[in-house]
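Peer 1: This is the structure I have questions about; it appears just below.
The values are calculated or read from the model by the stated rules, or taken from the named source; none is laboratory data. Please read all numbers here as calculations on a predicted model, not as lab measurements. Quick reminder, even Gly has a Cβ in these numbers, built from the backbone with ideal geometry, and neighbours come from all protein chains shown.
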Amino acid sequence: MHSKFRIATVLLLCTMFSFALTSSAVENQPRTIVSGWIPYYSVKTVLPFIKKLPTSNPPVAGAPVTCEPSEYTPQDIAALNASYLFTNKDLMKEVMPFWFSLKSPTFIRNDYLTGNPSWPMADTLCLMRKTGLKIIPTITDGTNKLVLSGYLANPQIRTTIVNTIVDLVNKNGFDGIDLDFEGFAFVDPNTTWAKTAPLWVSFIKELSVQLHAAQKLLSVSTPYVFNPIEKQKGYTVYAWAEIASSIDRLRIMTYDYSVARPGPIGPIAWTEKTLKYAISIMPASKVFIGLPGYGRDWITSIVGTCPTNAPVGLKVGSRAATFKMNYANTKAAIDKAIPVFDVKNSEVTYSYVQTFNGLTSKGAATSCAVSRTVWYQNDRSYTERMNLVAKYQLGGAALWTLGMEDPTATTAMRNVALAIAPAAVKNSLTIENVESKTVNYGDIFTLKGVLTLKDNLPIAGLEVSIEMKREAETAWTTIAALTTAEDGSISTPITIGRSAAFRLTTTGTWERAESTSNEEFVIVRPKLILERPSTVQHGRPIHITGKILPLTTGAAVMLQRKTAGKWQNIGVSTVTDSNGEFNLETTEVTRGIVVLRVQIINGEQEIISPELSIVVR
């Protein structure tokens, strides 16, 4: 469980910073089957604490936060590039910052701010986005017993909670949200589950509609559930079957099997049983197996009377001590124990005795022998669980928490990911029927993509999403979906009103890796529509009206006359109104042909109309 579990020591975890992400297929690319949580209390080890270099240009209010190489020292960049997420990003597709807690229908507490008061969240997110991984933060249930279920029972309050969550996602540009509402399971009585379950289902369905409308992902993290037909214990309040069609990820906490009493953290047979039920009611690609990066150390017996210099709290049945997996080997050496791999549970265990000698509170000599039992997972445990990912073609694994695993366990995950690597997809985009990638407003151009395997074999029947990002936008938006022809190509006419970038993406399958094409930017030249007379009587005003498309407000407009081969400003300048329209006027007293044109200045952009020849009678 997440909200109940805290590691006393700081997690050893670094992350990555990549300034030049590429979309081309990489040889021997492993399957991206690893994800994990990044708790708020360890963010400063997730991303090494670095500060931007001083600048003479203060940030513009409301402008996107940037994190470019020039803003950091070379040493900072080197540290970020050498860190955990950078060296393992090829295994991952997403991360879950464990930062938020729902406190009321309108308030989500930001625990990141509490844990990192001098390090702006926007800066941290900016650096995390440089990894190219999806960011799907976790929200926990921060309410008291039965409060959240009471909220969900009221349709209006339920909708308010949905809106609050969606607003958090949209305002921060997250790729989705992960719900870790464990209060239902571990705070509320199980006698309330039958009543809470349908309320939870209604909430999930409503939240799903709003998130998916915004092209965001909905992830749910819960304890285990078994097939209800078998009538075995499980956290049925989470109603997996009923929410299956509404969620994009199910992350199963296949750990904490043993908490109060000594035993395995997550026996492999127990783990596989809940996985099998999950994939029987939803696509396996939605299901993620939970991997614990921690172990537990229980007191099993105490013989004698412990002295006053012994650690406080030595008692049979007291809460087990926790430790990180990457500390397990060192701990075993300190404990003078020989770890044994338990094949049945696919975990490591050992027992040892601590002896404490000293004085009682009354000054008498005394000693005690404290027997302890340890369980944790190692690289073999991870290999066998990642093999379940391969066996059932799951979405992947979710680590609680990233970076707590031993380096050999990371290698174990990598080895499995390489062994089941999907075929790489080459994805290329070109712009056709366009000169210098510049078009006039309203003109049609063609986007063409070609998708092949690495040996250039065309991929037919592959669904391809066309994505667009306008100037000043930070997020990509899907504007169309096409299917590749027999030659692996897609082609579609496009017309746009403003300059924008385009790319093609494909979703990964078990057989093929996801792919992203090169980006192509198309510049749109504004279109100028003019109305003017072809002839006018001398001495009478010449009226010229116009409009700029796309609509541009406040652009400077000037009328110019051609005299002796040179253009000269005449009349009074004006500006375009809220509809992009303008009016110009001049008077000619000499009969003949006058040649005019309109000049428009919009920032650094200049628009010149064609020459206007008007007969003056």
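Peer 1: Specify which of the listed residues (LEU113, LEU102, LEU127) is of a type in the set (A, V, I, L, M), over 14 Å from SER42 (Cα atoms) and in a helix (DSSP H, G or I).
Peer 2: Just a single option satisfies the conditions, and that option is LEU127.
Peer 1: For the stretch 170-212, give me each residue that is out of contact with any Lys or Arg (no Cβ under 8 Å at 6 or more places or on another chain), aromatic (Phe, Trp, Tyr) and part of a helix (DSSP H, G or I).
Peer 2: Residues satisfying the conditions are PHE184, TRP193, TRP200.
Peer 1: Looking at the stretch 108-116, is at least one residue surrounded by fewer than 21 Cβ atoms within 10 Å (Cβ to Cβ), acidic (Asp, Glu) and more than 16 Å from VAL169 (Cα to Cα)?
Peer 2: No: zero hits.
Peer 1: Restricting attention to the stretch 285-321, which residues are closer than 30 Å to VAL95 by Cα, crowded, with 17+ Cβ neighbours inside 10 Å and not charged (D, E, K, R)?
Peer 2: SER285, VAL287, PHE288, ILE289, GLY290, LEU291, PRO292, GLY293, TYR294, GLY295, ALA320
Peer 1: Filter the stretch 341-372 down to residues that are closer than 30 Å to ARG414 by Cα and among the hydroxyl-bearing types (Ser, Thr, Tyr), then give me how many there are. Break it down into steps so the answer makes sense when it comes.
Peer 2: Filtering the stretch 341-372 down to residues closer than 30 Å to ARG414 by Cα leaves 341-350.
Next cut, among the hydroxyl-bearing types (Ser, Thr, Tyr) only: 346, 349-350.
Selection size over the stretch 341-372: 3.
Table: residues versus (1) at pLDDT 95 or above; (2) over 13 Å from LEU291 (Cα atoms); (3) out of contact with any strand residue (DSSP E or B) (no Cβ under 7 Å at 6 or more places or on another chain).
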| position | (1), (2), (3) |
| --- | --- |
| GLU384 | yes, no, yes |
| VAL389 | yes, no, no |
| LEU394 | yes, yes, no |
| THR401 | no, no, no |
| THR411 | yes, yes, yes |
| ARG414 | yes, yes, yes |
| ALA423 | no, yes, no |
| SER428 | yes, yes, no |
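Peer 1: Enumerate the strands (runs of 3 or more DSSP E) found wholly within the stretch 293-356, keeping only those where 2 or more residues are of a type outside the set (A, V, I, L, M), within 18 Å of ASP406 (Cβ to Cβ) and in contact with a helix residue (DSSP H, G or I) (Cβ under 7 Å, 6 or more places away or on another chain).
Peer 2: Working: elements: 294-304, 321-324, 340-342.
The strands (runs of 3 or more DSSP E) meeting that bar are 294-304.
Peer 1: Across the stretch 142-166, what is the number of residues that are touching a strand residue (DSSP E or B) at 6+ places or on another chain (Cβ under 9 Å) and of a type outside the set (Val, Ile, Thr)?
Peer 2: Adding up the residues that qualify gives 3.
Peer 1: Which of the following residues is closer than 30 Å to ASN579 by Cβ and either of a type outside the set (A, V, I, L, M) or in the same structural domain as LEU125 (by TED's automatic domain parsing) (or both): ARG498, ARG512?
Peer 2: Values: ARG512 fails: closer than 30 Å to ASN579 by Cβ.
Every option except ARG498 fails the conditions.
Peer 1: Another one. Please find, within the stretch 246-267, the residue that is surrounded by the fewest Cβ atoms within 10 Å (Cβ to Cβ) out of those that are over 31 Å from the mean Cα position of the chain (by Cα) and closer than 17 Å to ASN378 by Cβ.
Peer 2: Looking at the filtered set, the residue picked out is GLY263.
Peer 1: Let me ask something else about it. When the residues of the stretch 396-424 are filtered to those that are touching a Pro at 6+ places or on another chain (Cβ under 7 Å) and in a helix (DSSP H, G or I), which remaining residue is farthest from TYR41 (Cα to Cα)?
Peer 2: As a first pass, look at the stretch 396-424 and keep what is touching a Pro at 6+ places or on another chain (Cβ under 7 Å): 400-401, 414, 417-418, 421.
Narrowing the set further to residues that are in a helix (DSSP H, G or I) leaves 414, 417-418.
Values: ARG414: 27, ALA417: 29, LEU418: 32 Å.
Restricting to residues being touching a Pro at 6+ places or on another chain (Cβ under 7 Å) and in a helix (DSSP H, G or I), the top hit is LEU418.
Peer 1: Still on this structure, I have one more. Of everything in the stretch 322-360 that's under 41 Å from the mean Cα position of the chain (by Cα), over 15 Å from ASP379 (Cβ atoms) and hydroxyl-bearing (Ser, Thr, Tyr), which residue is surrounded by the fewest Cβ atoms within 10 Å (Cβ to Cβ)?
Peer 2: THR330
Peer 1: In the stretch 147-205, how many residues are acidic (Asp, Glu) and in contact with a helix residue (DSSP H, G or I) (Cβ under 7 Å, 6 or more places away or on another chain)? Reasoning before the result, please.
Peer 2: Going residue by residue through the stretch 147-205, those that are acidic (Asp, Glu) are 167, 175, 178, 180, 182, 188.
Adding the requirement that they be in contact with a helix residue (DSSP H, G or I) (Cβ under 7 Å, 6 or more places away or on another chain) leaves 188.
Summing the residues that are acidic (Asp, Glu) and in contact with a helix residue (DSSP H, G or I) (Cβ under 7 Å, 6 or more places away or on another chain) in the stretch 147-205 gives 1.
Peer 1: Of all the residues that make up the stretch 564-606, how many are of a type in the set (Asp, Glu), in a strand (DSSP E or B), at pLDDT below 90 and surrounded by 15 or more Cβ atoms within 10 Å (Cβ to Cβ)?
Peer 2: Residues of the stretch 564-606 of a type in the set (Asp, Glu): 577, 581, 585, 588, 604, 606.
After this cut, where a residue has to be in a strand (DSSP E or B) as well, the list is 581, 585, 606.
Remaining after also requiring at pLDDT below 90: 606.
After this cut, where a residue has to be surrounded by 15 or more Cβ atoms within 10 Å (Cβ to Cβ) as well, the list is none.
Residues that pass the stated criteria total 0.
Peer 1: Inside the stretch 186-232, can you point out the residues that are surrounded by fewer than 21 Cβ atoms within 10 Å (Cβ to Cβ) and of a type in the set (Gly, Ala, Ser)?
Peer 2: ALA194, ALA197, SER202, SER208, ALA213, ALA214
Peer 1: On to the next question. Within the stretch 381-409, take every residue that is among the hydroxyl-bearing types (Ser, Thr, Tyr) and crowded, with 20+ Cβ neighbours inside 10 Å and give me the one that is nearest to ILE268 (Cα to Cα). Talk me through it step by step, then tell me what you get.
Peer 2: Restricting attention to the stretch 381-409, the residues satisfying the condition of being among the hydroxyl-bearing types (Ser, Thr, Tyr) are 381-383, 392, 401, 408.
Narrowing the set further to residues that are crowded, with 20+ Cβ neighbours inside 10 Å leaves 381-382, 401.
Details: SER381: 8, TYR382: 10, THR401: 19 Å.
Among those that are among the hydroxyl-bearing types (Ser, Thr, Tyr) and crowded, with 20+ Cβ neighbours inside 10 Å, it is SER381.
Peer 1: Output the residues belonging to the stretch 531-548 that are assigned to a strand (DSSP E or B) and surrounded by fewer than 16 Cβ atoms within 10 Å (Cβ to Cβ).
Peer 2: Narrowing the stretch 531-548 to residues assigned to a strand (DSSP E or B): 531, 535-536, 541-548.
GLU531, THR535, PRO541, HIS543, THR545, listed by residue number.
Peer 1: Under 8 Å between Cβ atoms, which residue pairs at least 6 apart in sequence (or on different chains) link something in the stretch 306-323 that is hydroxyl-bearing (Ser, Thr, Tyr) with a partner that is assigned to a loop (DSSP other than H, G, I, E, B)?
Peer 2: Cβ pairs passing all conditions: THR308/THR360; THR308/SER361; THR322/PHE5; THR322/ILE7; THR322/ALA8.
Peer 1: Here's something else I'd like to know. LYS454 passes all but one of (1) basic (Lys, Arg); (2) buried (at least 16 other Cβ atoms within 10 Å of the Cβ); (3) under 30 Å from ALA284 (Cα atoms); which number fails?
Peer 2: (2)
Peer 1: Something else: Which of the residues belonging to the stretch 476-529 are more than 30 Å from ALA421 (Cβ to Cβ) and not in a strand (DSSP E or B)?
Peer 2: Those that are more than 30 Å from ALA421 (Cβ to Cβ) and not in a strand (DSSP E or B): THR495, ILE496, GLY497, ARG498, SER499, PRO526.
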